[in-house]
Amino acid sequence: MTSHIPSLIPKREPGTESDSQAWVSSSSINKSNVIVEPSLYTEFNNVAETFRSAFAQRLNRHEDVTVLDSLTGAIVPVEEEPAPVTYPTSDASQSVVTRRPKPQERSSELVRITDVGPEGERQFREYVRKTRMIYDSLRIFLIMENQREGIGMRRGRPDSKAASLMKDRLLWMNRDKRIVGSIPGVQVGDIFFFRLELCVVGLHGQTQAGIDYLIGSRSSNGEPIATSVIVSGGYEDDDDQGDVIMYTGHGGQDKLGRQAEHQKLEGGNLAMERSMYYGIEVRVIRGFKYENSVSSKVYVYDGLFRIVDSWFDVGKSGFGVFKFRLERIEGQVEMGTSVMKLAKTLKTNPLSVRPTGYISFDISNKKENVPVYLFNDIDNDQEPLYYEYLAKASFPPGLLFQRSSNASGCNCISGCSGGCLCATKNGGEFAYDYNGNLIRQRPLIHECGPACQCPPNCRNRVTQKGLRNRLEVFRSVETGWGVRSLDILHAGGFICEYAGVALTREQANILTMNGDTLVYPARFSSARWEAWGDLSQVFPDYERPSYPQIPPVDFAMDVSKMRNVACYISHSTDPNVIVQLVLHDHNNLMFPRVMLFAAENIPPMTELSLDYGISSEWSPKLAICN
DNA sequence: GTCAGATCAAATCT
DNA sequence: CAGATTTGATCTGA
């Protein structure tokens with residue numbers, strides 16, 4: 001072999017001299033006119049072969065490799081039974097932290113978690129959900145803190161800060177093991193809004209780099225192993241065709257993201273090559289632009305891919321780049337990215353992808369701000385068509401007499417702020433952040449109402465503005481009628497009201513005898529939303545604010561004749577939607593409106609579920625359907 | 001052990 | 001508003 005390979009190979013590899021200039025300055029590579037010596041193309045293969053034999057020798061020499069994965073031949077210890085889920089206790093947060101504690105080191109132990117079973121997966125899912133809930137509520141809390149500091153001092157990165165605080169509290173997941181393959185509790189299609197959120201759950205450990213890998217010096221055989229990649233279109237030579245991705249290695253870019261140098265077979269690039277050699281699958285996360293209320297990007301977990309080929313090529317810029325062909329492993333659920341694309345098309349041109357099955361393109365008949373689809377491709381049931389659509393719950397007029405006698409509003413002509421009357425009604429602070437997301441659950445929210453002087457865009461007016469997201473009522477074999485969204489629903493974001501005809505207890509008792517379908521708002525389980533906004537694990541001295549007691553909610557909602565989209569939401573003891581009581585157009589504490597919020601980030605086309613607080617055998621929704 | 005440098009960020013500035 | 005700048009946190013490798 002000749003002498004001008006060096007810049008391609010890591011310097012620590014013995015038997016090569018480091019004469020990086022020879023390759024980089026090679027005049028045969030030219031920006032405008034790409035002509036490359038054939039030998040340059042084959043260099044990568046030579047190098048790879050060199051590695052292969054070098055590593056093979058090392059493998060034979062040392063016997064420090066514990067387990068060989070018989071399926072893939074990978075040098076990966078396989079742990080059949082993952083450690084039981086232990087949620088971090090407050091032990092880690094007992095001591096008051098004045099300065100930053102020593103960071104917990106990243107583990108060097110590679111582990112593939114194979115089969116945790118349905119119960120295990122449910123537990124891990126809950127663990128992931130809880131962790132993400134803390135992350136999100138902490139992030140929103142920090143935004144609010146920033147704003148409280150003053151108008152000029154809006155510095156700081158809430159996404160970074162939240163992750164960093166959680167790291168200090170040992171609240172990051174999967175730090176004790178480096179997981180190859182899927183992360184328990186994280187499902188294909190899960191969506192994230194920040195890179196650091198991926199770090200917190202252990203899906204991808206790099207804040208910026210696209211390839212995450214176990215470094216060679218810490219792996220059992222001295223070889224780096226790639227575990228996950230993020231495809232976000234940052235490299236001009238990427239080619240993304242869904243199930244097959246031509247992924248460009250990293251490096252060689254200047255500060256503006258232009259390819260300005262040849263890439264080297266080191267770091268993540270080498271790790272990718274090694275993962276390919278051993279047949280080790282990598283997690284793929286796609287990032288793309290998606291305007292939403294919290295950020296302008298979204299990251300979608302698309303499942304496991306295998307690296308089937310890698311080669312060295314000359315990219316569009318004329319500089320050498322490494323390429324990896326990734327193919328999606330079969331048998332996984334549909335890719336999150338495909339589902340998002342489908343949902344996007346369904347919003348604008350539904351018939352192009354689903355020529356049949358649509359019963360209505362707006363069951364609300366323009367009573368909602370945005371249309372609500374009705375879809376059934378399973379049977380001939382068209383039941384939701386036959387009910388009068390009610391966008392807002394209707395209350396018996398006689399019960400709202402307090403509207404005039406006790407009406408009081410704020411005088412904030414240019415929008416509400418800290419100390420106004422409406423803030424006081426809410427215990428001194430508003431329930432929503434500036435994006436309209438719920439900061440923390442509380443017994444009752446007082447939104448600004450008709451008696452207030454503030455403009456419609458006041459931050460204390462959220463649920464009264466009605467539906468914002470595109471929802472679809474659909475028929476499914478498992479749950480009868482169900483509801484899903486065509487838009488991403490962000491954790492803490494408002495979805496819709498639960499609307500029906502409100503009845504007093506006396507009225508309800510009469511109707512119950514007739515067998516009509518009644519929903520009791522007081523029964524909605526609050527188990528999940530009590531965790532929303534609870535930061536006690538992050539701040540040891542955190543105390544939940546106390547709110548004024550409100551009288552027990554003691555009315556029933558009759559949804560047997562008039563109802564809205566919410567009434568088709570399925571029951572689950574593991575719901576992704578939470579209930580929050582809100583007052584905005586009257587002051588009768590006995591009859592608050594029942595508002596629904598997303599308990600977590602809900603990807604498009606995912607069925608919504610609520611905990612109706614009753615046994616799973618019966619739910620109002622099931623009664624409606626059957 | 002420490003520290004610089006790299007990194008397909010995110011928010012702000014211009 | 002896109003591009004540049006600023007701010008920022010983590011990881012790797014020396």
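The values are calculated or read from the model by the stated rules, or taken from the named source; none is laboratory data. Since the model is a prediction, treat every value here as computed from it, not as a measurement. Note that each Cβ is placed from the backbone with ideal geometry, even for glycine, and that neighbours are counted across all protein chains shown.
Restricting attention to region A:227-244, report how many residues are closer than 16 Å to A:LEU110 by Cβ and either within 12 Å of DNA strand B (Cβ to nearest atom) or of a type in the set (A, V, I, L, M) (or both).
Counting residues in region A:227-244 that are closer than 16 Å to A:LEU110 by Cβ and either within 12 Å of DNA strand B (Cβ to nearest atom) or of a type in the set (A, V, I, L, M) (or both) gives 1.
So in region A:201-226, with the set limited to residues that are within 12 Å of DNA strand B (Cβ to nearest atom) and among the β-branched types (Val, Ile, Thr), which one is modelled with the lowest pLDDT?
So the residue we want is A:ILE215.
Just the residues that are closer than 14 Å to A:SER310 by Cβ and within 14 Å of DNA strand C (Cβ to nearest atom), please, taken from region A:248-262.
Selection gives A:GLY249, A:HIS250.
For A:PHE288, state whether it is at pLDDT below 90 and among the aromatic types (Phe, Trp, Tyr).
Details: at pLDDT below 90: yes; among the aromatic types (Phe, Trp, Tyr): yes.
Taking the combined requirement at face value, the residue satisfies it.
For region A:285-302, how many residues are surrounded by 24 or more Cβ atoms within 10 Å (Cβ to Cβ) and over 14 Å from the mean Cα position of the chain (by Cα)?
Going through region A:285-302 one residue at a time, the tally reaches 0.
Could you check region A:256-273 and list, in sequence order, the residues that are in a helix (DSSP H, G or I) and within 9 Å of DNA strand B (Cβ to nearest atom)? Give the steps one after another, and end with the answer.
Of the residues in region A:256-273, the ones in a helix (DSSP H, G or I) are A:268-273.
Correct list: A:GLY268 only.
Here is a yes/no grid of residues against (1) under 16 Å from the mean Cα position of the chain (by Cα); (2) in the same structural domain as A:GLY533 (by TED's automatic domain parsing); (3) within 16 Å of DNA strand B (Cβ to nearest atom); (4) under 30 Å from A:ARG218 (Cα atoms):
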| site | (1), (2), (3), (4) |
| --- | --- |
| A:ARG125 | yes, no, no, yes |
| A:LEU142 | no, no, yes, no |
| A:PRO158 | no, no, yes, no |
| A:MET173 | yes, no, no, yes |
| A:ILE183 | yes, no, no, yes |
| A:CYS199 | yes, no, yes, yes |
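For region A:290-343, how many residues are of a type in the set (Asp, Glu) and in contact with a Ser or Thr (Cβ under 7 Å, 6 or more places away or on another chain)? Show your work before the answer.
Filtering region A:290-343 for residues of a type in the set (Asp, Glu) gives A:291, A:302, A:309, A:313, A:327, A:330, A:334.
Subset that is in contact with a Ser or Thr (Cβ under 7 Å, 6 or more places away or on another chain): A:302.
Adding up the residues that qualify gives 1.
Name the helices (runs of 4 or more DSSP H) wholly within region A:343-453 that hold at least 1 residues that are loosely packed, with under 13 Cβ neighbours inside 10 Å?
Working: elements: A:350-353, A:402-405, A:421-425.
Result: A:350-353, A:402-405.
Against the condition free of Cβ contacts under 8 Å to residues at least 24 places away in the same chain, of a type outside the set (Lys, Arg) and within 9 Å of DNA strand C (Cβ to nearest atom), how does A:SER164 come out, does it pass? Please lay out each step first, then the result.
On the way: free of Cβ contacts under 8 Å to residues at least 24 places away in the same chain: yes; of a type outside the set (Lys, Arg): yes; within 9 Å of DNA strand C (Cβ to nearest atom): yes.
So A:SER164 passes the test.
Looking at A:ILE211, is it over 17 Å from the mean Cα position of the chain (by Cα), among the hydrophobic types (A, V, I, L, M, F, W, C) and under 23 Å from A:ASN292 (Cβ atoms)?
Working: over 17 Å from the mean Cα position of the chain (by Cα): yes; among the hydrophobic types (A, V, I, L, M, F, W, C): yes; under 23 Å from A:ASN292 (Cβ atoms): no.
Taking the combined requirement at face value, the residue does not satisfy it.
Please indicate, with yes or no, whether at least one residue in region A:293-306 is outside any loop (DSSP other than H, G, I, E, B), free of Cβ contacts under 8 Å to residues at least 40 places away in the same chain and touching a Gly at 6+ places or on another chain (Cβ under 8 Å). Steps first, please.
At the first step, the residues of region A:293-306 found to be outside any loop (DSSP other than H, G, I, E, B) are A:297-306.
Of the ones still in play, those that are also free of Cβ contacts under 8 Å to residues at least 40 places away in the same chain are A:306.
Narrowing the set further to residues that are touching a Gly at 6+ places or on another chain (Cβ under 8 Å) leaves A:306.
Looking for residues that are outside any loop (DSSP other than H, G, I, E, B), free of Cβ contacts under 8 Å to residues at least 40 places away in the same chain and touching a Gly at 6+ places or on another chain (Cβ under 8 Å), one finds at least one in region A:293-306, hence yes.
Among the residues in region A:388-396, are any assigned by TED's automatic domain parsing to the domain that holds A:HIS490, modelled with pLDDT of 85 or more, among the polar types (S, T, N, Q) and under 25 Å from A:ASN369 (Cβ atoms)?
Start the filter on region A:388-396 by keeping residues that are assigned by TED's automatic domain parsing to the domain that holds A:HIS490, which leaves A:388-396.
Within this subset, residues satisfying the condition of being modelled with pLDDT of 85 or more are A:388-395.
In the following step, the residues that additionally are among the polar types (S, T, N, Q) were identified as A:394.
Next cut, under 25 Å from A:ASN369 (Cβ atoms) only: A:394.
Yes, region A:388-396 has at least one match.
Looking at region A:193-229 only, could you name the residues that are over 20 Å from A:SER164 (Cβ atoms) and surrounded by 22 or more Cβ atoms within 10 Å (Cβ to Cβ)?
Those that are over 20 Å from A:SER164 (Cβ atoms) and surrounded by 22 or more Cβ atoms within 10 Å (Cβ to Cβ): A:ILE211, A:TYR213, A:LEU214, A:GLU223, A:PRO224, A:ILE225, A:ALA226, A:THR227, A:SER228, A:VAL229.
Report the residue count in region A:214-228 for those that are outside any strand (DSSP E or B), free of Cβ contacts under 8 Å to residues at least 60 places away in the same chain and in contact with a strand residue (DSSP E or B) (Cβ under 8 Å, 6 or more places away or on another chain).
1
Filter region A:175-213 down to the residues that are among the small types (Gly, Ala, Ser) and not in a loop (DSSP other than H, G, I, E, B) and list them by number.
Of region A:175-213, the ones among the small types (Gly, Ala, Ser) are A:181-182, A:185, A:189, A:202, A:205, A:209-210.
Hits for region A:175-213: nothing passes.
Scanning region A:251-273 for residues that are in contact with a Ser or Thr (Cβ under 9 Å, 6 or more places away or on another chain) and among the basic types (Lys, Arg), which turns out modelled with the highest pLDDT?
A:LYS264
If I ask for residues that are away from DNA strand C (no atom under 14 Å from the Cβ) and modelled with pLDDT under 90, which ones from region A:227-247 would you list?
The answer is A:SER232, A:TYR235, A:ASP237, A:ASP238, A:ASP239, A:ASP240, A:GLN241, A:GLY242.
Residues that are of a type outside the set (Ser, Thr, Tyr), modelled with pLDDT under 85 and under 24 Å from A:ASN576 (Cβ atoms): does region A:84-103 have at least one?
The answer is yes, given that some residue of region A:84-103 is of a type outside the set (Ser, Thr, Tyr), modelled with pLDDT under 85 and under 24 Å from A:ASN576 (Cβ atoms).
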